[in-house]
1. Is the shape of the stretch 160-206 rounded, prolate or oblate, going by the alpha carbon gyration tensor and its root eigenvalues a ≥ b ≥ c, with a/c under 1.5 for rounded and a/b larger than b/c for prolate?
2. What order do ASP87, ASP167, ASP338, ASP226 take when sorted by accessible area (1.4 Å probe), most exposed first?
3. Expressed as cubic angstrom per residue, what is the convex hull volume of the alpha carbon set of the stretch 84-142?
4. Could you size up the charge dipole of the stretch 292-337 around its Cα centre, putting +1 on the beta carbon of Lys and Arg and -1 on that of Asp and Glu, and report it in debye to the nearest 20?
5. In this model, which of LYS265/LYS331; LYS105/LYS347; LYS331/LYS356; LYS307/LYS347; LYS105/LYS155; LYS307/LYS331 are farther than 28 Å apart at the alpha-carbon?
6. With a 1.4 Å probe and all protein chains kept in place, how much accessible area does HIS180 have, in Å² rounded to the nearest 10?
7. So how do SER55, SER192 rank on accessible area, 1.4 Å probe, biggest first, that is with the largest at the start?
8. When the dipole is taken about the Cα centre of the stretch 198-340, and only Lys, Arg (+1) and Asp, Glu (-1) are charged at their Cβ, what size is it in debye, to the nearest 20?
Amino acid sequence: MKMHGVCIYTILQKLSLQKKNYTTMKPIKLLILLLAVAALAATSKAHNITRILGSHPSLSTFNHYLSVTRLADEINRRVTITVCAVDNAAMSSLLSHQYPLPTLKNILSLHVFADYFGSKKLHQITKGSTTTSTLFQASGEAAGTSGYVNITDFKGGKVGFTPVDSDVDPPMATFVKSIHELPYNISVIQISNVLTSPEAEAPVSAPTDLNLLSLLAKQGCKSFSDLVAGAGAGVADVFTESVEAGLTVFCPSDAAIKSFSPAYKNLTGAGKNSLLLYHGVPEYNSLGMLRVSNGLMQTLATEGAKKFDFTVANDGDEVRLKTGVVTATIKGTVIDEDPLAIFKIDKVLLPTELFKADPTAKAEAAESPGPAGENDVPADEDSNGGGLTVARGGGIVALSVAFVFGVLFL
């Protein structure tokens, strides 16, 4: 990750002005300095792809569809990413095919690499060619190697890009120019043409045309589906009506529902409704998004002071949901097509509003970082006025720097 060189340089410059050096510093002060530098090195600057592309009118259509397909959110969650933007003319050609939004998202996902490729790196590719994975591959929608793109450094300085499963002679697109680079976090480059492949263009069923309860019943979540269908207060309608705006459902397996059945029967009618709605999140989250995000999630049961939230914590590819009472793990995908995602989990999610908190589980959940507050300034706008931009989770870093100055330079 890129170190915050300006901040580190400022600290060292202060030391120089006061004629201090590492050999004459007291051990405790040296330790504090090293800890601050380490914290700065471990913190990456959050990025906002919409703002980056916003200053380039010729890329406005590409920028717009990153937001419409919600790819912008996933890009911003990533620490290391490369975005291959195309101009409005290339996007017009793509849009003329009138692909449905889920298919358009798959195609645009091929333009987002899960690795850093700045202009310098592109022209110094080892052996002239490499293959990189894309968000299409990470989404789980791509079969085999269809979510990968070949990058080739041709003679004469031309760099080409071609999806692995493309039937077009390479290159499908070439490097035009660099738009924005922050080594080694984000690189935004412009390429000449749209990247696509037969797999990305394959028809995708629209989730809004599916019967949510029927879908659940056919995928090993019948018991949960039956509970939702039989619940009062229009619980089934809440789930169904939430799909269009974006919905993620965490469906307990039939085995999990069976073992929980006695406790469920003891709940009041209102308690049962809240428990079921607690398994729905009113926004779309792909499996790839869940694997790179940690923090609190509000649910369909959240209302005013009744938080009904849980914490997402991932370990590699495994995604865990911590309620403070139990910890459930995602065990399979029923459907993952924007705007609907349904994941099978191994336990019923038990909210602390209805069940006694497990001290151990509650402590584990508290260790996971929460999301930015409603009034928090976006990460790339939050400045201390002295040139230090604080990334998400960077409050500790800012305090570390302040502490270093307070202790070292008194």
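The values are calculated or read from the model by the stated rules, or taken from the named source; none is laboratory data. Worth saying up front: this structure is predicted, and the values here are computed from it rather than measured. Virtual Cβ from ideal backbone geometry, glycine too; neighbours counted across all protein chains shown. For the accessible areas, the whole protein counts, side chains as well, though only heavy atoms, and no ligand, DNA or RNA atoms are used. Shrake-Rupley method; radii C 1.70, N 1.55, O 1.52, S 1.80 Å.
1. oblate
2. ASP167, ASP226, ASP87, ASP338
3. Dividing the Cα hull volume of the stretch 84-142 by its residues yields 102 Å³.
4. Rounded to the nearest 20 debye, it is 280 debye.
5. Distance filter (> 28 Å) returns LYS105/LYS347; LYS105/LYS155.
6. 70 Å²
7. Of SER55, SER192, the descending order of accessible area is SER55, SER192.
8. That gives the stretch 198-340 a dipole magnitude of about 880 debye.
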